[in-house]
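Down below is the structure, laid out as structure tokens.
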Amino acid sequence: MQTLSIQIQDSYMQQFMNFVKQSHSNITVSKDKNLEIDPYFYERKRDLEQIIEDSENGTMEMLSQEQYEKEMKIFFKDLNANANL
């Protein structure tokens, strides 16, 4: 069995449900709770998994707490300087 995510035009919903009803032995319809809560759940999950992979394999640089604080001080200093222009 394969799982697909589909989008159905509101105006076609009844026809689609009739088709599903006629094909009930071959089709199971269920709502994905993750998508009900967050329509971008799987995109965010994929992005987070990529960030984790990149940080573990060294592709993405991880900063120490000290480096982070230094970088943030510079960032806010530059931000404030540009805001006053």
Sole miss for Ile6 among (1) touching a helix residue (DSSP H, G or I) at 6+ places or on another chain (Cβ under 9 Å); (2) open to solvent by less than 90 Å² (accessible area, probe 1.4 Å) is condition (2)
Given the residues Glu61, Glu66, which is the only one that is of a type in the set (D, E, K, R) and either in a loop (DSSP other than H, G, I, E, B) or touching a Pro at 6+ places or on another chain (Cβ under 6 Å) (or both)? Glu61
Say whether the condition of being surrounded by 10 or more Cβ atoms within 10 Å (Cβ to Cβ), out of contact with any Ser or Thr (no Cβ under 9 Å at 6 or more places or on another chain) and among the basic types (Lys, Arg) is met by at least one residue in region 23-40. no
Scan region 1-34 for residues that are among the acidic types (Asp, Glu) and closer than 24 Å to Arg46 by Cβ and jot them down. Asp32
Which condition number does Met72 fail, the rest of (1) among the aliphatic types (A, V, I, L, M); (2) surrounded by 10 or more Cβ atoms within 10 Å (Cβ to Cβ); (3) part of a loop (DSSP other than H, G, I, E, B) being met? (3)
Go through region 43-68 and count every residue that is surrounded by 11 or more Cβ atoms within 10 Å (Cβ to Cβ) and over 30 Å from Ser5 (Cβ atoms). 3
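The values are calculated or read from the model by the stated rules, or taken from the named source; none is laboratory data. Predicted model only: the values in this text are computed from it and were never measured. Ideal geometry is used to build each Cβ from the backbone, glycine not excepted, and the neighbour counts take in all protein chains shown. The protein model used for the area step is the full one, side chains on, heavy atoms only, and it has no ligands, DNA or RNA in it. Shrake-Rupley method; radii C 1.70, N 1.55, O 1.52, S 1.80 Å.
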